[in-house]
Amino acid sequence: MSAKRRKNNPANRVLRILLVVLLVLVLIAGGLFIFIQVKLGAISRVFSNNYADESTDITQIEAVDWGEAGVATSVDGVVNVLLVGQDTRTGERERSDTMIILSVNKNTEQITMVSLMRDLYVQIPGYSNNRLNAAYQYGGFDLLDATIEENFAIVIDYNVEVDFEGFEDIIETLGGIDVELTAAEAEYINGKLNQDTLVEGVNHLTGEEALWYCRTRKVGNSDFERTERQRRVLEIIYEELKGASWLKLLQVYDSVASNITTDMNNTQIISIAYSAYTMDLSEMNSYRIPADNTYYNATLGAGMEVLIPNDWDETRALLWDYLYSDPEETETDAED
């Protein structure tokens, strides 16, 4: 007598299928995790910085009223990342060419960029008062963060440095970017690159052209317009990346990873990038410190020009407002 064939239980069959699917998902997730970790491993990490001696004596400006900075304070839901740009081709740490606070605010669903002028006269812990960009040369991320915290009473959570080559590579991988140029800007860039291709109006810039656009101080209002150009290009890059495919995003990352230095770990990079990428923004907020009509010019020894806020407490309050207030609410209050 033959044994009866046991009928398949539909419930058991569904369970087996679910287990197989879950196993596949776990394997995919594990592979993706390893892939991401390997990719992020291409970024250079700096978790401490060596401090340098001051190379020359700095003539101090004694009449500055520094106000009351108070203790540097962080705000839940807000992450401040300091973007530092410098020419690393010399192989040595030099004064930071660009300093932009990129603030991701989950409370207001806003991303804000604030350029800190490199000629701003500040108190540098353990050193003579000097330009803000000297802090990076003396002590890297650590001292630059400490200087910003002492003078502005805000916390810098993380730092990212991108050198000039990395900036060019991002633009090239995106296939160039469209930027509106003035006649003077077009003429200046053409002269630097020995070409005549750029004209007044919207131009499709290569990486090298975009770099000169961001670096020039000799067109317009010196470093003030230069910082505006830098923020404008960062906003264009952000918009391009928002609409890019995952393949394109990976290509951009691969092109720039070796030119990035940061003190963030992989988890922090992923978290901040995801928050910024998923915010549905029509534009990023863009500001500068010191703002127009809030500072005066002075000269240190050897003819070094610096910018000094008219009122340091008002300047601190302005930066705090830029980073932590909701621009839409502020505009509504002003209208009322």
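The values are calculated or read from the model by the stated rules, or taken from the named source; none is laboratory data. Small disclaimer: the values here were computed from a predicted structure and weren't measured. Cβ placement follows ideal geometry from the backbone for every residue including glycine, while neighbour counts extend to all protein chains displayed. Surface areas here come from the heavy atoms of the whole protein model, side chains and all, with no ligands, DNA or RNA. Shrake-Rupley method; radii C 1.70, N 1.55, O 1.52, S 1.80 Å.
Indicate the gyration tensor shape class of segment 204-283 (rounded, prolate or oblate), computed on the Cα atoms with a ≥ b ≥ c the square roots of the eigenvalues: a/c under 1.5 is rounded; otherwise a/b larger than b/c is prolate and the rest oblate. Present the calculation step by step, with values, prior to reporting the outcome.
Details: a/c = 1.79, a/b = 1.70, b/c = 1.05.
It comes out prolate by the Cα gyration axes.
Apply the Karplus curve 6.51 cos²θ - 1.76 cosθ + 1.60, θ = phi - 60°, to the phi angles in segment 103-108 and return the couplings in whole Hz, x for Gly and Pro.
Once θ is set to phi - 60°, the couplings for segment 103-108 become 10, 9, 10, 6, 5, 9 Hz.
Compute the Cα gyration tensor for segment 184-246, then decide on rounded, prolate or oblate, letting a ≥ b ≥ c be the square roots of its eigenvalues: rounded whenever a/c is under 1.5, prolate when a/b is larger than b/c in the other cases, and oblate in all that remain. Provide the component values of the computation, followed by the final result.
Values: a/c = 2.45, a/b = 1.43, b/c = 1.71.
Oblate.
Above 24 angstrom, tally the Cα pairs of segment 97-230 and express them as a % of all pairs, no decimals.
Values: 3629 of 8911 pairs.
Roughly 41 percent, once rounded to a whole number.
Pulled fully out, how much extra length does the chain show between Ala52 and Val64, if you take 0.36 nm times their separation in residues and subtract their Cα-Cα distance?
Values: separation 12, 0.36 × 12 = 4.32 nm, distance 2.56 nm.
That pair, Ala52 and Val64, stretches by 1.8 nm at full extension.
In what sequence, largest accessible area first, do Thr108, Thr262 appear using a 1.4 Å probe?
Working: Thr108 25, Thr262 0 Å².
Descending order: Thr108, Thr262.
Å³ per residue of the Cα convex hull, for segment 74-167?
Numbers: hull volume 8.6 nm³, N = 94.
Cα convex hull per residue, to the nearest whole number: 92 Å³.
Using every alpha carbon pair in segment 220-264, what percent of pairs falls into each 5 Å bin from 0 up to the bin containing the largest distance?
With a bin width of 5 Å, the distribution comes to 5, 17, 16, 21, 20, 12, 7, 2.
Report the calculated FRET efficiency for Ser222 and Ser74 (r = Cβ-Cβ distance, R0 = 45 Å), to the nearest 0.05. Please report the intermediate quantities before stating the final value.
Working: r = 33 Å, r/R0 = 0.73.
Efficiency, rounded to the nearest 0.05: 0.85.
Determine the dipole magnitude for segment 206-283: charges of +1 sit on the beta-carbon of Lys and Arg, -1 on that of Asp and Glu, nothing else is charged, the reference point is the Cα centre, and the result goes in debye to the nearest 20. Kindly include the intermediate steps, with their values, before the conclusion.
Working: 9 positive and 12 negative charges, 44 e Å.
With Lys and Arg at +1 and Asp and Glu at -1, about 220 debye.
Select from Ala134, Asn151, Ala183 the residue farthest towards the positive end of the dipole of segment 122-187; place +1 on Cβ of Lys and Arg, -1 on Cβ of Asp and Glu, and compute about the Cα centre.
Final value for the positive-end residue is Asn151.
Using every pair of alpha-carbon atoms in segment 145-297, split the distances into 5 Å bins beginning at 0 and state the percent of pairs per bin, rounded to integers.
2, 7, 14, 19, 20, 17, 12, 7, 2, 0
With the cut-off at 1.5 for a/c, could you classify segment 242-283 from its C-alpha gyration tensor as rounded, prolate or oblate?
Working: a/c = 2.15, a/b = 1.21, b/c = 1.77.
Verdict is oblate for segment 242-283.
What is the sum of charges around Asn194, taking Lys and Arg as +1, Asp and Glu as -1, for the other residues whose C-beta is under 15 Å from the C-beta of Asn194? All intermediate terms of the calculation are to be shown ahead of the outcome.
Working: positive: Lys192; negative: Glu187, Asp196, Glu208, Glu209.
Counting the neighbours of Asn194, the net charge comes to -3.
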